[in-house]
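Presented below is the structure to which this report refers.
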Amino acid sequence: MTWNDLIPPVLMAPGAHPGWRVALALLPVLLMLAALVGLDSFRLVRGRRVAAALGAGGAAALVAYVGNTLVLEVTALSATAFAVGVAPVVEEGLKGLWVAGEIRAGRVGFLVDAAILGFATGAGFAVVENVYYLHLLGDVPLVVFAIRGLGTALMHGGTTAILAVILRGRSGTGRLLPAAAGLALAVVVHAAFNHLMRAPVPTTLALAVGMPLLLLGVYRQGERRLRAWLGEGFDRDRELLGLIRSGQVHASPLGQYLLSLRTTFPADLVADMLCLLRLQVELSLRAKGTLLLRAEGLRPRPDPDLPGKLDEVRHLEHRIGRTGQLALRPVCHWQGADRWQSFFVSEENRG
């Protein structure tokens with residue numbers, strides 16, 4: 001018995017209705033994307049951001065088509081050599097650009113939303129690519145579209161999700177090394193998939209089993225980190241805000257550290273640092289409270305003062321400068337998930 005013997009005859013027959021071909025080519029990856037969004041208990045990613053990721057992936061597919069065509073014409077490589085050695089680098093690089101930009105801009109806070117946005121970007125790429133192959137392949141057995149729709153889409157979504165998770169998980173340790181490692185891993189997986197497509201059925205089955213398990217593991221780890229951040233951070237921020245508002249902060253280790261900065265910075269600049277710290281703590285508490293409400297299916301009421309607070313944060317950051325922000329880092333770690341808070345509360349406040 002061969003792998004082909006396991007394929008139902010109806011899938012091997014040509015002349016299937018176009019609707020079936022479209023469904024097999026497009027629906028599997030979109031259904032899995034919907035499942036990933038549904039598993040996000042804290043609703044970190046809103047629908048419009050998923051749509052933006054799909055659009056970015058689709059745009060990357062169009063650029064990749066043009067780029068791949070030009071490279072293939074110039075190099076005169078065989079189709080197999082190009083599919084394994086060149087196309088994965090071009091396509092994974094283009095898909096990763098938008099995800100890397102979102103992470104760099106502080107719009108991705110945790111492993112969970114990194115995985116969703118990464119998979120959505122890859123899904124958008126796969127949808128456009130599959131539409132092209134629907135036109136190119138014409139009247140072929142349904143199994144071809146099943147493989148194109150499921151196997152290729154899982155590969156594109158999965159590799160970009162892997163890249164996004166590595167970038168988000170290692171964003172605090174520098175950008176170049178995690179970016180290179182994540183891109184290299186995505187390219188290797190992509191190239192291996194293209195090489196193994198000589199045996200399409202086992203390759204697709206392996207992806208259909210392995211990729212959901214991998215993403216589920218990422219979700220479990222991401223949820224643990226998110227809950228730990230909420231629990232520990234909420235208590236820390238509430239205590240810190242109480243000290244600042246009560247005027248007793250100078251008697252605390254934090255206050256002593258701020259006083260020590262007067263030997264390096266003017267007194268008015270240290271006062272601005274304390275003001276920035278207070279605003280950041282308030283934003284942090286709002287972000288954590290919003291996430292807790294979302295987990296219960298609730299939403300906080302919009303805060304009309306929030307845009308003004310965000311403007312003041314940007315003004316103070318500019319006034320303090322890069323050196324002042326580095327000096328605050330031991331007591332004000334507004335990096336990673338905390339850096340994402342400003343974007344999150346602003347987006348949530350807009351509704």
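A quick yes/no check of all residues on (1) under 31 Å from the mean Cα position of the chain (by Cα); (2) surrounded by 12 or more Cβ atoms within 10 Å (Cβ to Cβ); (3) among the polar types (S, T, N, Q); (4) modelled with pLDDT under 75:
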site	(1), (2), (3), (4)
230	yes, yes, no, no
250	no, yes, no, yes
260	no, no, yes, no
264	no, no, yes, no
267	no, no, no, no
270	no, yes, no, no
278	yes, yes, no, no
Inset, instruction - Look at residue 205 and say whether it is closer than 23 Å to residue 89 by Cβ, in a helix (DSSP H, G or I), open to solvent by 60 Å² or more (accessible area, probe 1.4 Å) and out of contact with any His (no Cβ under 8 Å at 6 or more places or on another chain). - result: no
Inset, instruction - Can you work out which of the residues in the stretch 100-116 that are assigned to a loop (DSSP other than H, G, I, E, B), under 9 Å from residue 168 (Cα atoms) and hydrophobic (A, V, I, L, M, F, W, C) is farthest from the chain's Cα centre (by Cα)? - result: 110
Inset, instruction - Look at residue 200 and say whether it is within 15 Å of the chain's Cα centre (by Cα), open to solvent by less than 60 Å² (accessible area, probe 1.4 Å) and either among the charged types (D, E, K, R) or modelled with pLDDT under 75 (or both). - result: no
Inset, instruction - Restricting attention to helices (runs of 4 or more DSSP H) lying wholly within the stretch 17-97, give those where 2 or more residues are within 22 Å of residue 216 (Cα to Cα) and over 19 Å from the mean Cα position of the chain (by Cα). - result: 18-39
Legend entry - Exclusive hit being open to solvent by 20 Å² or more (accessible area, probe 1.4 Å), in contact with a helix residue (DSSP H, G or I) (Cβ under 6 Å, 6 or more places away or on another chain), at pLDDT 85 or above and under 21 Å from residue 68 (Cα atoms), set 123, 83: 83
Legend entry - Contacts under 7 angstrom Cβ, first residue in the stretch 64-88 being touching a residue at least 24 places away in the same chain (Cβ under 8 Å), partner of a type in the set (Asp, Glu) and in a loop (DSSP other than H, G, I, E, B), 6 or more apart: none
Inset, instruction - For the stretch 232-246, name all the residues that are open to solvent by 80 Å² or more (accessible area, probe 1.4 Å), more than 11 Å from residue 288 (Cα to Cα) and either not in a helix (DSSP H, G or I) or not basic (Lys, Arg) (or both). - result: 239
Inset, instruction - Would you be able to say whether some residue in the stretch 57-69 is buried (at least 18 other Cβ atoms within 10 Å of the Cβ), touching a Lys or Arg at 6+ places or on another chain (Cβ under 8 Å), closer than 17 Å to residue 127 by Cα and not hydrophobic (A, V, I, L, M, F, W, C)? - result: yes
Inset, instruction - Within the stretch 159-181, identify whether any single residue is outside any helix (DSSP H, G or I), in contact with a helix residue (DSSP H, G or I) (Cβ under 9 Å, 6 or more places away or on another chain) and either at pLDDT below 85 or at positive phi (or both), and answer yes or no. - result: yes
Legend entry - Checking residue 284 against (1) open to solvent by less than 20 Å² (accessible area, probe 1.4 Å); (2) over 28 Å from the mean Cα position of the chain (by Cα), the condition it does not meet: (2)
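The values are calculated or read from the model by the stated rules, or taken from the named source; none is laboratory data. Small disclaimer: the values here were computed from a predicted structure and weren't measured. Ideal geometry is used to build each Cβ from the backbone, glycine not excepted, and the neighbour counts take in all protein chains shown. Accessible surface areas use protein heavy atoms only, side chains included; no ligands, DNA or RNA. Shrake-Rupley method; radii C 1.70, N 1.55, O 1.52, S 1.80 Å.
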